[in-house]
Structure formats: structure tokens, C-alpha cells
Amino acid sequence: MSKTTILIVEDEEIVAADLASKLARLGYEVRGSAARGEEAVGLARELQPNLVLMDIHLKGPMDGVAAAEVIRRQSDLPVIYLTAHSDRATVQRAKLTEPFGYILKPFEELELETHIEMALYKHRIERELRQSEERYRLLFDRSPDGVFVVDAAGRFVVANPACEIISGYSAAELLRMTFMDLCAPDQLARTVEVFHRAVNGLESLQLETALARKDGRRAEIWVVGDPLVEGRKTRLHCTVRDITERKKKEGELRLLSTAVASAVNGVAITDRNAQILWVNPAFSQLTGYTFGEAVGRTPRILKSGRNPPELYREMWTTLLKGEPWHGELVNRHKDGSLRDEEMTITPVHAHGAEITHFVAIKQDISERRRVQAALERTAADLERSNRDLEQFAYVASHDLQEPLRAVGGFVKLLERRFSKDLDAKAVEFIAGAAEGAERMERLISDLLAFSRVDAGGGAFAPADLNRLLAEALENLQASIAAAGAKVASDPLPTLTVDPAQVTRLFQNLVGNAVKFRGERPTQIHVVAQLEGDRWVFSVRDNGIGIEPEYFERIFQIFQRLHTRKHYPGTGIGLAICKKIVERHGGVIWVESQPGQGSVFCFSLPAPSSEPA
Ligand code: ADP
């Protein structure tokens, strides 16, 4: 151990020399010696001894007390006065410099050593105490957690700056408050109870509670405290942490994890090497692998061997670029069965660009695929059977036409040649047969027209619908004139259609409007209106109208609402209209009120360049 070093300040050379030899005998090292105050200050700074032995009366303007004061301030060295003077005034002045000893001359060697050792000890303790205080002060001031002390009644004794941040109150305000004043009202009772237990039972305190901040906001906090008995008082030394954000995040996380856990889609989280870290119950349901069976393995357990290798290559290229992959895979269930799955895999970048995890979300689309395939089969079957039916109707009606014409012709011949020879009953029978044949011919020709809408339809070409309507009216001229009907129309567009079919469409609708007229003079109005990407046409009449319950039925083949006696017809007209409109990619419907008239509407797609 190195020796204790000492600076001697003494104006009497002989005394100084004597002192130095005494100190050497006691095992100290004399670093230097000064005779004047100013000199002592300089040497103390330069030599940095462990201790200064200071005479009070010195030569020169600066005496020992003044020198000691400067030394203590600038070098923090312990000073022991060595003096022959013990007058009150000097002692008083010396005291103010907080000396570590005061030795009156003459003195014993033992006395000197005791004083020196005591002074060094005291000085060391003082310095350690000061350093420790500084350390704690720094921690107190800079701690991100609130640190505070309250008395047994909860009154703040000290509070650090973090307490100000957490509560919103200044330290000065806090020192006039109790901890209970800060409590959120719903937390007060519980907090008071825990506080009292800590103070009275001298228990540590751990408490999650909430504050009403000065700005009115609520702060969730975590308080830890320990009671400390100081004399007759008990105080609680506490730290407090604001956990508002953490609790909010915890809540959000809980919500998220509940949502993911209870999702109907299977969810699996893997690390960057595709090792499964977590799966939700839906994943287990989908794959047959429980959480315990899936975790630690890779999704390769689901491999079916049915997916082309390019699919996996494309998947990994996409994922390693950091982009999500979406696609369909055939996977194998634990029970060996194959499942069609639709999947989205998203790479997770937790810190910057590095991929840390993958999240796979998938659903079983086997059922959807099955239904889709069944639907496609049914649609194909339906199309085939429709085609067959049309073919049959066409062939049947075509082939029926010939014999029917023969029957009609012979009945007419019979009527012409023999009616004069027959009685009234026979003539009536012949007329009935002729009418029946005629009706059947109409029916067959309508049926033929119906069956030929799709298969026998003409080519689509741009056509001015004003012209097509005019043609239809031309064909209806006789019945319009007979009914005294007025037909008006607004300008119609030019569209790409099957012109013959659209003419027939207008003809059927206007023909019906004339046929099903009421008591009032018949008025028919045809208009067209552009609605988004389609033209909506309407044929409005003021005829007998239709009950809403029949709005659907009348578009079916052979469906009529009246007997032939009241209104002639075959019940095929609107079915043909529906087929024509649908062949053009539109829909047809009716709006009507019995007795008020009807509006038959149909839509046709507008060319995409049509001005809006
Ligand atoms: P048809 O006219 O040969 O009876 P449709 O298929 O053209 O056959 O019409 C079916 C039924 O719809 C008609 O019998 C009639 O009851 C009703 N109907 C059609 N158009 C009108 C209309 N403009 N006003 C009232 N009823 C109508």
C-alpha cells in the first residue's frame, strides 16, 4: 500500500523540520512544505497530497485559515490545523472552513497520528457519501420510472421529474397532494386499502391501478413500494411506471390473437426456414394435424405430389422477393385424402428488409370445386337437352306442317264443294274443323319460330332501331288500324343486333299492346333510355294491365291469362321475346297495374363507346 502523503504549511523552519521527522517516523511521506499561505495553495494543487497540516499564523497576507478555505474549495483536501493559538475568534474562523482536526501545540506523536488517521477516514467517508448521493440524485432525476416518497397519509414528500410526466402535475403541485388525490375514482377504494396495508402492516406494495391525470386523461400505472420506518414516522418509497401504452397494445394483441385463433380460415406462422411456429384450430381442422403435431415441422407434411414443381418455384421466387403469394394447391390431409386449398402466404419483415416469418392463410375449396364442377356438368347437360328439345320442336313442327296443310286444304275443299248439299250441323262441324286446323298451323309456326330463335338466328349487324320499329308497325298495320290505336315513339338508338329478331320483338310487344287494349282509345308509346352500360326500351300501353302475381309467368311458353274466346293467341309470343332479348345479352320484364295499362321493358347492351 502506498504511503499517506502530507503537505506541511509552517512558517517556522525548525518547527517544520521537526514535524517532518515526526511524520516520517510515523510512516507518512511528506510531499512538501510551505511557509506562506499563497505558496500552500499552489503546492496543494500541484502535489495533490492526501492531507494538509496547516499552521494558522503564517507570513504574508494570507493566513492559514484563508489558505485552508481555498485549498478545500479547489482541491477537496482534508486540512488539520496545527496551532499554538486557541483564542476564540481564531477557533471560530477556523471552524467555518470545516477542518478535519484542530491540534494545539505542543502535542504528542500519538495525538498527531490519531488526528491524521481520523481526518483521512472522515474525508474518505464524506467523499463516498457525496458520490453516492450524486449517483442516486442522477438516478432519481433521470429515471424513466416515477420515483416518489409518501408519508403514512399518502402525502408526497418527494417526487422525481418522471412523476411529473406521468401525472401531468408539477413536482410543486404534487408536494401539496396525496397519492389518493391522483387516483382514478374507480380505483380509489382498492388503492387506499393496499396503501394502508403497506403502511400499517409494513408490507411491500405491488399494485396495478390508474391515475386521473391533470389533463383529464387516464393513465394505467404499475406501482411498487416499500415502507421504511424513519424515527417515529413510516414512509413509503415507491416507483411507478406508466403502462397505458403497454396495456393498450396488450389489448390489441389479445384481440388480434383471438381473431386469428377463431378465424374460419386456417392460419399457420412459420419462421424464415418454413418451420411451423404456430397454427390455429382451423388449420388443424383443415389438415388433420393438431397444434402439437404441426409445430416444429414444415408445411411439407401436407405435400400431395399433385402440384407441378413450377408452382413451388414460382411461390418461393415471389416470397423471397418479399411479396405475398396467392394461389391454389392440392394438399394431403393427415388421413391421406386430398384437399383443394386456396392460399395466401405473406412474408413478414420484422426488422427492416430481413424476412423473419411467413404467415399462411388458407381455406379448403374442395367443396367449392366440387360444386363448381357439378354446376358446369349440369349447365352442359342442360344446354345439350335444350338443344335436343329445340331440334325436336323444330323437326316435329316442320314435319307436322305438311300433313296439317293437307288436312286444312281438304277441309276447305269439303266446305267449298259440298256445303250446299249438307245440313246446317254438318256445315258447322266442317267450319270447326277448318278453324282448328288454322289454329294448329299458327301454333306450329309460332313453335317453329320459338325453337329457331337461338339455333336459327341471323347475324348481328348495326341497325337503326327506328327502322326496325317502323317495319314492325308496318307488319301490324291492319290490326293497328282496326283497333284505331295510336302508336308513338321517341328516337331510338342504332345498335348491333339481329335485325329480324328485334323487328319481331317490337312486333310481338306492340301487337300485344293492341290486342290487350281496354275501353279507352288505345295509346302506345315506345321509348329508349341509356342507363349506364345498357339501353332500356319500354313499350307502354293503356290497356287492361296484368296482376303482379303473373309478371313472371307470362314469359313462359304457353302461359296465357285469358281464354281464346276473349283474346286469341298461342301463349308463345312473350316466350319468343324473352329468348330474343336473352340472346342479345339483355333482360325483359313487365311493370303493370290491372286496368291502368302495362309497360314491357327490355334491355340491350350499349356499345362501350356510347356517350353517356
Ligand atoms: P298471347 O299473346 O299469344 O296470349 P303472349 O306470350 O304474347 O301470348 O302473352 C302471354 C299473356 O300475357 C297474354 O295471354 C296476356 O294475358 C298477357 N299479356 C301480354 N301482353 C299484354 C299486354 N300488353 N297487356 C295485358 N296483358 C298482356
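Each reported figure results from applying straightforward, stated rules to the coordinates on display, with no laboratory input. Just so it is clear, the structure is predicted and the values come from calculations on it, not from any experiment. Please note: Cβ atoms are built from the backbone with ideal geometry, for glycine as well, and neighbour counts cover all protein chains shown.
Worth a mention:
- Residues with amide H under 5 Å from that of SER33, placed H, sequence gap 5 or more: ILE8
- Considered as an equivalent ellipsoid built on the Cα gyration tensor, segment 370-452 has semi-axes of 45, 11, 7 Å, the largest given first.
- Alpha-carbon centroid distance for the pair segment 300-364 / segment 104-164, whole angstrom: 65 Å
- Percentage relative contact order, the chain, counting C-alpha pairs under 8 Å, at least six apart: 5 percent
- Distance from segment 429-467 to segment 469-516 (C-alpha centre basis), Å: 16 Å
- Peptide ranges 245-252, 425-432, 221-228, 114-121 listed from the most packed, as the mean C-beta count within 10 angstrom indicates: 221-228, 114-121, 425-432, 245-252
- Using R0 = 25 Å, the C-beta based FRET efficiency linking GLU367 and LEU277 works out to 0.30.
- Considering all C-alpha pairs of segment 143-247, those separated by over 20 Å amount to 30%.
- Segment 542-602 gives an Rg/Rh value of 0.97, both radii derived from C-alpha positions and Rh following Kirkwood.
- Intensity falloff of segment 308-395 expressed as log10 I(q)/I(0), Debye formula with alpha-carbon point scatterers, at q = 0.16 Å⁻¹: -0.78
- When the alpha carbon gyration tensor of segment 55-191 is reduced to an equivalent ellipsoid, its three semi-axes come out at 50, 15, 14 angstrom, largest first.
- Whole-Hz couplings from phi, Karplus 6.51/-1.76/1.60, listed for segment 258-271; x for Gly and Pro: 5, 4, 5, 5, 9, 5, 7, 7, x, 10, 10, 10, 10, 7
- Fraction of beta bridges assigned by DSSP in the chain that are antiparallel (%, nearest 5): 80 percent
- Segment 435-505 - Kirkwood radius from inverse mean 1/r over Cα pairs (Å): 14.1 Å
- Applying 1/(1 + (r/R0)^6) with R0 = 30 Å to the Cβ-Cβ distance of PHE558 and ALA478 gives a FRET efficiency near 0.70.
- Volume per residue for segment 457-609 equals 108 cubic angstrom (convex hull of Cα atoms).
- Counting charges near ARG377 (Lys, Arg +1; Asp, Glu -1) among other residues having Cβ under 13 Å from its Cβ returns a value of 0.
- With K and R counted +1 and D and E -1, the other residues having a Cβ less than 14 Å from that of VAL527 yield a net charge of -3.
- Ordering of 458-469, 53-64 by packing [mean C-beta count within 10 Å, highest first]: 53-64, 458-469
- Spacing of the two label points (7 Å from each Cα toward its C-beta) at ARG190 and PHE140, in nm: 3.1 nm
- Globularity index of the chain, i.e. its alpha-carbon radius of gyration over 2.2 N^0.38 Å: 2.19
- Summing Lys and Arg as +1 and Asp and Glu as -1 over all other residues whose Cβ lies under 12 Å from the Cβ of LEU112 gives a net charge of -3.
- Among the listed pairs LYS22/LYS122; LYS420/LYS515; LYS412/LYS578; LYS412/LYS515; LYS214/LYS247; LYS425/LYS565, those whose Cα-Cα separation exceeds 30 Å are LYS420/LYS515; LYS412/LYS578.
- Modelled label reach - SER337, point 7 Å along Cα→Cβ, segment 298-315 residues with backbone N closer than 14 Å: none
- Segment 457-609, relative contact order [Cα under 8 Å, separation at least 6], %: 23 percent
- Amide H to amide H distances under 5 Å link ALA152 with THR234, where only residues 5 or more positions off or on other chains count and H is placed in the peptide plane.
- Working from Cα pairs under 8 Å separated by at least six residues, relative contact order for segment 14-127 is 21 percent.
- Annotation for GLU354 and GLN529: the two label points, set 7 Å from Cα along the Cα-Cβ direction, are 6.5 nm apart.
- Estimated distance in nm for a label pair at SER2 and VAL587, the labels positioned 7 Å out from Cα along Cα-to-Cβ: 10.1 nm
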